[in-house]
Every structure is written in C-alpha cells, then in structure tokens.
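The values are calculated or read from the model by the stated rules, or taken from the named source; none is laboratory data. These figures come from a predicted structure and were not determined experimentally. A quick note on method: Cβ atoms are made from the backbone with ideal geometry, for glycine too, and the neighbour counts reach across all protein chains shown.
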Amino acid sequence: MAAPPTDSFKDLQTNITETKAQSTTTNGNPQSRGPSPNRGASVPDNETKGDAYMSQKTWLSEQGIDKSKWVKLKKLSHMRYQHEDLNQITAFLRDFGMKVVKKTDTERWFGGYGPDQYVYYVREGPRKFLGGAFEVESHEELEKIVTTHKDRIQTNGIEEMSSAPGGGNLLTILDPEGFPLNFIHGQQPPPPKSMPDKLIVNDESTKPRQRQFQRFRPGPAAVHKLGHFGLVSDQFPTLKEWYTQNFNIVPSDMLYVEQPDGTRKEVAMFAHLDRGQDLVDHHTIFLSTLTPDSSIPEPHVHHCSFEVHDFDTQALGHQWLAEKGYRNVWGVGRHILGSQVFDYWWDTSKFMVEHYADGDLVNEDTVIGYEPAEHEGLAVWGPDVPAEFLH
C-alpha cells in the first residue's frame, strides 16, 4: 500500500466543527471565532482515499489472480429468500416499493421499475437465506462453473427457470462458508418501464426551477434495482480469496483493524464487478468478519440493498414504512464508503433490507482504498449507528 494520491481532500476530512481558530484583536487580547460551516464536494475518486491505497492492477498482481480463469459476471440480478408467511412478506415488500410480478401458491417474484424482470424471489418455507443471483455473460460461463465447482453444485446442474418471469437458466453453488450463490443466463428482458421525473433543484446561486413548485405524493419508495448484498463470515480471508480468484470481483475498499503487534488485519471488503472501463456500483457485494460480540453468533447474510430515485423518494419511503409500523434499523443517513444515502429496515422475517440513493460509481482506474474499520467511519451524517446494525 502506498501513501494517499493527493492531500487536496484533507480539509474536508478534518473535523472543522470541533476546531476553534484563535485570532488576536487590536488590543492584544485573544479571541476565538465560531465553528466553521460544514462543507461538501463531489471529489474525484482517487483523491478520497485514506492513509493507504493501491491500484487495482497492482492488487490483482500481488494476489496472483489470473483474470482468464474468472467466471465473468455481468451484473447483480436479484435476491432469493425463503419466508414462512408469503402474505406478510408480500405486504412488506409492497410497502418497501416493489410490485408482484408473478405468484404461485408457493412462490412469488417481485420487481422494480428498472431493467430486470424481478429483483426479489421468495419461496414459502422456514426462514432461510437463498443467496444473491448474478447474471453471467454467456451460457458457457454457467458450464465453466459446473466444471470448476462441481462439488459445490446445489441445483440439478443448470436448471431451466420455466416458471420464472423471463425464463432463463439457473445454477446454484455453495461458497466456502456455505452461503448459496446463484447464477442466471438467458433471461428475456422485460418491456421498457417508465422512469420517475427528475426534480429540478434551486440552490443559492443557480435557479433553474422557475415558476415550478415542488410537490410530492405519499407512498412507498419505488425500487429501481438491486444494488448489493453483504455476508458476515468467520472465514473472511478464505471468502475474500475465493470470490476474487474465481469471479471478476475486485475490492473498492478494504477495512482493517490494528493488531497488538502493530500489524493490520483485514476484516472487511467492499467489492465491485470488474467491467473494465464501464462504470459500476462502488460495491455489489461486501464481506465482513463475524465478531465475538455479534448478536448473531453464526455466519449470516447482513443485508441486501435496493436503489431508489432520489433523497426525497427515500425520505417519503421512510415515512411510509414508519407509519405502517415496520421497524427501522438505521437511517436516514449518508455513508462514507460508497457515499450513498442509506435507510435500513427489518422485514417481517427479520432480514435486513436497505433503500439507497446517490451511490458512487467506479471502474478499473479507481484505486483500492485501505481504511481502519471504525464505527465512526460508517456515516457522514445520520443517527448514531445502533448495535444491532453491527451484528
């Protein structure tokens, strides 16, 4: 790891609210001034890293990763869960901003207004995490998984999703921790869907919104797409190596803790899909270490996260869920890593789900950050992070 690429972001990283500058009056008596106002800026990606960073190319070389052996993932498609009460989870997901695309007596598919047939699949049964689903580039990539990971396959080979909207093929394997991991290909795209209008916003110097008033209608925060999901494991080093060696998954940020001997132990990874120069979400998957004080003592899914239109949409969705009596976990606030505005909730089976807006985009030129794993570094603003979020 090297030194930060630039110091130009230091001022914004300083806690200027707590710093009081001293000045001297004409009569020689010291006098303090009030706290400086807060500041924000949209800063180039490679200027925001902490005390260390590394290029993706260097990291891949140091890890000994052969990109030709990767299974090429195109995007994150949908989440898969099992819930005991289909009616309860259906009511929640509708209030969360999804629509029922198709249902049977034992299965349901929920969609958003984005380019996917569906973003959430639920099967009736005891509470269970069934894994995230990635779309792969070709059918040959599915066959590559069958050959490379034949001892991990959970489906009957490559299965046809005959009842799912859009059809396609599905393959499920287990990762080294035992988490299900799904891959799909051949799904037909849905018809084009309408997009929300973009708000015109006035600031103190630019006033493009002239004789147009901001008006809103209460309701759920409509979901656009699935953005990411996270896993908590007691085999973090093994999972980090397995995911990055076998798939085009590359860190955006690595978190560490200081050891008594002065060394740094990696404990979490925010990772994106390597699509070359194409811009992708800052993280599509994150892996975190299971801590001894976790309220859930075994490896588990942490949460899955869905993109919404903008901050107002998110705030209205928060209000809607609160009025319906659902339980908020944490939010609304803004993260540091990924930058997105967040809002976390428990669903009716106590799986954590998130709304987010305004997330970062990266590509192969974005350097990998290396930061301390501290609770204070989770958010720029928002409520204090609750203990249950850190499970």
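In the stretch 110-155, what count of residues is obtained for those that are without any contact (Cβ under 8 Å) to a residue 24 or more places away in the chain, in contact with a strand residue (DSSP E or B) (Cβ under 6 Å, 6 or more places away or on another chain) and not hydrophobic (A, V, I, L, M, F, W, C)?
Matching residues across the stretch 110-155 total 2.
Only one residue in Lys75, Lys103 is within 30 Å of Val250 (Cβ to Cβ) and at pLDDT 95 or above, so which one is that?
Criteria check complete, one pass: Lys75.
Would you say Phe306 is outside any loop (DSSP other than H, G, I, E, B), in contact (Cβ under 8 Å) with a residue 60 or more places away in the chain and buried (at least 19 other Cβ atoms within 10 Å of the Cβ)?
Criteria met by Phe306.
If Asp310 satisfies all but one of (1) out of contact with any Phe, Trp or Tyr (no Cβ under 8 Å at 6 or more places or on another chain); (2) more than 21 Å from Ala379 (Cα to Cα), what's the number of the condition it fails?
Exception for Asp310: condition (2).
Of the residues Arg327, Arg334, only one is of a type in the set (Lys, Arg) and without any contact (Cβ under 8 Å) to a residue 24 or more places away in the chain; which?
None of the other options fit; the residue is Arg327.
Starting from residues that are more than 30 Å from Pro126 (Cβ to Cβ) and small (Gly, Ala, Ser), keep the ones in the stretch 347-391 and report whichever is nearest to the chain's Cα centre (by Cα).
Looking at residues that are more than 30 Å from Pro126 (Cβ to Cβ) and small (Gly, Ala, Ser), I get Gly359.
What are the residues in the stretch 164-186 that are touching a residue at least 60 places away in the same chain (Cβ under 8 Å) and either touching an Asp or Glu at 6+ places or on another chain (Cβ under 7 Å) or of a type in the set (A, V, I, L, M) (or both), if any?
Ala164, Ile184
Select from the stretch 258-279 the residues that are surrounded by 15 or more Cβ atoms within 10 Å (Cβ to Cβ), under 15 Å from Gly369 (Cα atoms) and over 15 Å from the mean Cα position of the chain (by Cα) and write down the one among them that is modelled with the lowest pLDDT.
Applying the filter and picking the extreme gives Arg264.
Just to be sure I understand, how many residues within the stretch 89-109 are crowded, with 20+ Cβ neighbours inside 10 Å and without any contact (Cβ under 8 Å) to a residue 24 or more places away in the chain?
Qualifying residue count, the stretch 89-109: 1.
Can you find a residue in the stretch 326-336 that is modelled with pLDDT of 95 or more and out of contact with any strand residue (DSSP E or B) (no Cβ under 9 Å at 6 or more places or on another chain)?
Within the stretch 326-336 (the criterion being modelled with pLDDT of 95 or more and out of contact with any strand residue (DSSP E or B) (no Cβ under 9 Å at 6 or more places or on another chain)), the answer is no, since none of the residues qualifies.
For the stretch 280-288, indicate whether the set of residues that are surrounded by fewer than 21 Cβ atoms within 10 Å (Cβ to Cβ) and assigned to a helix (DSSP H, G or I) is non-empty.
no
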